[in-house]
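Peer 1: Structure below; questions to follow.
The values are calculated or read from the model by the stated rules, or taken from the named source; none is laboratory data. Note that the structure is predicted; figures quoted are calculated from it, not measured. Backbone-built Cβ (ideal geometry, glycine too); neighbour counts: all protein chains shown. Keep in mind that these areas ignore ligands, DNA and RNA; they rest on the heavy atoms of the full protein, side chains included. Shrake-Rupley method; radii C 1.70, N 1.55, O 1.52, S 1.80 Å.
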Amino acid sequence: MKQIDNNNQSDEYTREEAYLRAKKRLKELKGFYWHAFVYAVVNILLLIVHVNHSDEGILHMGTFATPLFWGIGLAFHALGVFGKNLIFSKKWEQRKINEFMDRDSKQWK
């Protein structure tokens with residue numbers, strides 16, 4: 001009887017842990033998507049203002065400074081949120097493992 005209660009408590013603890021991790025992940029994703037949205041809106045507005053009020057034309061460095069440096073910050077935010085899975089996802093890893101195993105098995109035939 002005690003064993004069942006311990007397993008039940010362990011399952012509840014595991015589910016609670018999973019819920020908290022998922023909630024944290026959701027908060028990180030929402031933060032990144034809001035950051036990207038604000039980046040796009042602000043830079044579009046800055047481009048419109050610059051085009052309408054500048055005699056220097058659109059190809060001036062000042063036109064691209066904010067999007068460039070803020071974009072670098074946004075890229076680091078993306079790396080922080082998505083981590084290595086941004087480029088090297090689990091599917092990619094599994095494909096590569098299968099590819100290497102297939103290559104090795106052909107080599108030994």
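Peer 1: Exactly one of (1) modelled with pLDDT under 90; (2) open to solvent by 80 Å² or more (accessible area, probe 1.4 Å); (3) in a helix (DSSP H, G or I); (4) not hydrophobic (A, V, I, L, M, F, W, C) is unmet by LYS27. Its number?
Peer 2: (1)
Quick grid of which residues meet (1) surrounded by 10 or more Cβ atoms within 10 Å (Cβ to Cβ); (2) under 26 Å from the mean Cα position of the chain (by Cα); (3) among the small types (Gly, Ala, Ser); (4) at pLDDT below 85:
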position	(1), (2), (3), (4)
ILE4	no, no, no, yes
ASN7	yes, no, no, yes
TYR13	yes, no, no, yes
PHE37	yes, yes, no, no
HIS53	no, no, no, yes
GLY57	no, no, yes, yes
THR66	yes, yes, no, no
GLY73	yes, yes, yes, no
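Peer 1: Taking interchain pairs and intrachain pairs at least six residues apart, which have beta carbon atoms under 6 angstrom, with the first residue in segment 92-104 and touching a residue at least 60 places away in the same chain (Cβ under 8 Å) and the second in a helix (DSSP H, G or I) and open to solvent by 90 Å² or more (accessible area, probe 1.4 Å)?
Peer 2: none
Peer 1: When you scan segment 75-98, how many residues do you find that are of a type outside the set (A, V, I, L, M, F, W, C) and at pLDDT 85 or above?
Peer 2: Qualifying residue count, segment 75-98: 4.
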